[in-house]
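Reviewing the structure listed below.
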Amino acid sequence: MASHLMKLEHITKTYRSDGRTFCALNDACLCINEHESISLVGESGAGKSTFATIIAGLKRPTKGAIYWNDQDISKLARQEKRMMRQKIQMVSQDPTQTFDQLRTVGYSIREALLSYKLCTRAQARERCENLLERVGLSKHYASHRPSELSGGQLQRASIARALACEPELLVLDEVTSALDMTVQEKILQLLETLRQEHKVSMLFVHHDLAVAQRMSDRIIVMKDAGIVTECAASELSSCEHPYVRKLIASIYTL
Ligand code: ADP
Ligand code: MG
C-alpha cells in the first residue's frame, strides 16, 4: 500500500474583512500518497485555491492539523520546516508571480538551487540550463527577462523553477487556464511526462473535469468551502453523487 506523504485533518480557513468572518474552507480532510496525482475540482469560489495554498504551506489554516511524512508540521524544528518548504512547490495560474521582473529567468532558477544548497555556484548555470531544457525551453531563455517570454514559455519556466527545488509534491493551481488551447495541451503533456519521470506527487486544481480525469488518479470534489465527495479518476463518469452528476451535465450544456 502507498504511504502517506501528507495528511491534512479538519482544515478550516476563515478570513476577516469589514469586521465579519468568512469561512473559505470548512473542515476539509485529505491524504496525499507518495507518487499520487490528485485533482481538486468544483465551481469557482468553492475553496480550491485556499486549500491548495494551505497544502503548499503558503497560507496557514485557522484550524486543523497537517502531517508531513507522519510528522505534525506545527512541531517541526526550523530546519525541518525549511526542508518541507523545499519539498512542496507551487505553480500558480499566473507565472509572472514566480519571477522577479527585473531579473533574468535564469537568475530566479539559480537562486532557487542555491538557496536550498542543491548545487554549488559553479554548477548552478549548467543545472539551470538542464532544467530549462527538461521543460522544453532552449537554454538561451536563461538570459531573458520574464517579460520577454510568452505566457506558455513563462509557465514552463515556472515549472522549471519548481523542479529546481527537487520537490516531492507539486501543487498546480489552474496552471493552464490562462493559456490558449494548443499551449495548454503542450503543458499538460509536459506535466504527464514529469509525473512519469520524477515520481513526484501532484495536486492539481482544475475547473475542467476532463483534464482532471486525465491528469490524476483521484478526484476531490469541492463545493461551498468543503469536500463533498471523492472518487477514482477512472470512476468519475459513473459517480452517482448528485453534485458530480450536475458538474458532468454542465460540461455538455456550456
Ligand atoms: P476557488 O479557488 O475554488 O475559486 P478560493 O479558494 O479562491 O476558491 O476562494 C474561496 C472563497 O474565499 C471565495 O469566496 C473567495 O472570495 C474567498 N477568499 C479567498 N481568498 C480570500 C482572502 N484573502 N480574503 C477574503 N476572502 C477570500
Ligand atoms: Mg482558484
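Every read-out reported here was derived from the displayed coordinates using simple, explicitly stated rules and does not represent laboratory data. Just so you know, these numbers come straight off a predicted model, no measurement behind them. All Cβ positions, even for glycine, are placed from backbone atoms using ideal geometry, and neighbour counts span all protein chains on display.
In table form, for the structure just shown:
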{"item": "Whole-Hz ³J(HN,Hα) from phi, Karplus 6.51 cos²θ - 1.76 cosθ + 1.60, for the stretch 224-233, glycine and proline x", "result": "6, 6, x, 8, 8, 6, 9, 7, 5, 4"}
{"item": "For N26, distant residues with modelled amide H under 5 Å away", "result": "K13, G226"}
{"item": "Rounded to 10°, Cα long-axis angle of helix 181-198 versus longest principal axis of the chain", "result": "80"}
{"item": "Kirkwood hydrodynamic radius over Cα pairs of the stretch 1-83, then Stokes diffusion coefficient at 4 °C and 1.567 mPa s, in µm²/s", "result": "94"}
{"item": "Interchain or long-range residues, amide H under 5 Å from N33's placed H", "result": "L5"}
{"item": "Karplus (6.51, -1.76, 1.60) ³J(HN,Hα), θ = phi - 60°, over the stretch 94-109, in Hz, Gly and Pro reported as x", "result": "10, x, 4, 5, 6, 10, 6, 5, 8, 9, 6, 4, x, 4, 5, 6"}
{"item": "Percentage, to the nearest whole number, of Cα pairs in the chain over 35 Å apart", "result": "16"}
{"item": "The stretch 179-246: GluC sites (Glu not before Pro) in DSSP loop, at most 16 other beta carbons within 10 Å", "result": "E240"}
{"item": "Per-residue ³J(HN,Hα) for the stretch 164-177, Karplus 6.51 cos²θ - 1.76 cosθ + 1.60, θ = phi - 60°, Hz, x for Gly and Pro", "result": "4, 7, 6, x, 9, 9, 10, 9, 10, 9, 6, 5, 10, 4"}
{"item": "Gap separating the Cα centres of the stretch 1-64 and the stretch 182-208, nearest whole Å", "result": "21"}
{"item": "Cα pair distances of the stretch 195-254 binned at 5 Å [whole percent]", "result": "4, 17, 28, 27, 14, 6, 5, 1"}
{"item": "Loop-located trypsin sites (Lys or Arg not before Pro) in the stretch 162-247, at most 15 other Cβ atoms within 10 Å (DSSP)", "result": "K199"}
{"item": "Scattering curve values for the stretch 96-217, log₁₀ I(q)/I(0), Debye with Cα scatterers, q = 0.17 Å⁻¹", "result": "-0.85"}
{"item": "Among the listed pairs K7/K87; K63/K223; K13/K223; K13/K186, those beyond 24 Å (Cα-Cα)", "result": "K13/K186"}
{"item": "Solvent-free Debye scattering, log10 I(q)/I(0), computed from the Cα coordinates of the stretch 57-126 at q = 0.24, 0.26 Å⁻¹", "result": "-1.13, -1.19"}
{"item": "Amide H within-cut-off set for K223, under 5 Å, with H built and near neighbours excluded", "result": "V228"}
{"item": "Dimensionless Rg ratio for the stretch 151-236, taking C-alpha atoms and the 2.2 N^0.38 Å reference", "result": "1.11"}
